[in-house]
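Asker: Could you have a look at this structure, given as structure tokens, before my questions?
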Amino acid sequence: MATASDVWFTPAAALGGARRAAAASSSAPRRLQLGRRRQGGRGGGGAAAAQPLAGLQTRSFRLLRPALVKSGEAEGNPSTEGTILDEQTLKRDLEIAVEEEDYVRAAKLRDELRLLHEDSKASVLAANSRFYHAFKNGDLAAMHSVWAKGDHVCVVHPGAGRISGYELVMESWELVCGSDYEFPLQIDLKNVEVHVRGDTGYVTCMEVVKTKGSSWGKQVATNVFERVDGQWFICIHHASHMDE
């Protein structure tokens, strides 16, 4: 299984060499382009496939910045969720109600806070579903719409390094969506967990990806989302291969 140092600091040239070695061996698993592993079916992914990724990685490393989750730069359609209750305001009002021993109001605020958390989790899960729907169908237009915009967004594809910035992230998905993966893919998500705090949420899961007659095996994924104008957008996708 890849370690943190493997993911963040693997040179692009080394990745290309690893793919060439994998392509030369019939017993080794083959990797296509962005490290998305495919077992069985048609193979590929030698030096030619590694070159687009190497270019993306080299350019993205020049743009490395802290992966800030809150940007204020994301674009999207106007919110359809109405007025979003502010979590911090509810917590403050709840503390005041308890201090004033207004337990009826405190109970009401507690229930509103719980409902807010439940609604936020459902909205983050819905955004996560939109991301995987675009992924499995190779729908680049939909992929563009689900991502936040800005230099803070980043993606780590299995076996590859960090790619930062909206434009470069979209270029990486162009390689995935424009490949010969026989879309639609079958993507099963297991062990899904969702957490939300304020305008930030994240989903952890295990991806089981299959195509016709082939499999990429299992990937452990973390997807981070930010809420902008009431709508959730993915800003970080990090997937790594999981040993069977």
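Asker: Output ³J(HN,Hα) for the stretch 141-147: one whole-Hz value per residue in order, computed from phi by the Karplus curve 6.51 cos²θ - 1.76 cosθ + 1.60 with θ = phi - 60°, and x for Gly and Pro.
Answerer: These are the phi-based 3J(HN,Hα) values: 4, 5, 4, 4, 6, 8, 8 Hz.
Asker: Indicate the gyration tensor shape class of the stretch 142-205 (rounded, prolate or oblate), computed on the Cα atoms with a ≥ b ≥ c the square roots of the eigenvalues: a/c under 1.5 is rounded; otherwise a/b larger than b/c is prolate and the rest oblate.
Answerer: oblate
Asker: Fewest first, what order do LYS149, LYS210 take by the number of other Cβ atoms within 10 Å?
Answerer: Fewest to most other Cβ atoms nearby, the residues stand as LYS210, LYS149.
Asker: Still on this structure: Order by neighbour count: ASP119, ASP139, fewest other Cβ atoms within 10 Å first, most last.
Answerer: By the 10 Å Cβ count, ascending, the order reads ASP119, ASP139.
Values in this text are rule-based calculations from the coordinates and carry no lab data. Treat the numbers as computed from the prediction; the structure is a model and nothing was measured. Glycine also receives a Cβ, built like all others from the backbone with ideal geometry; neighbour counts cover every protein chain displayed.
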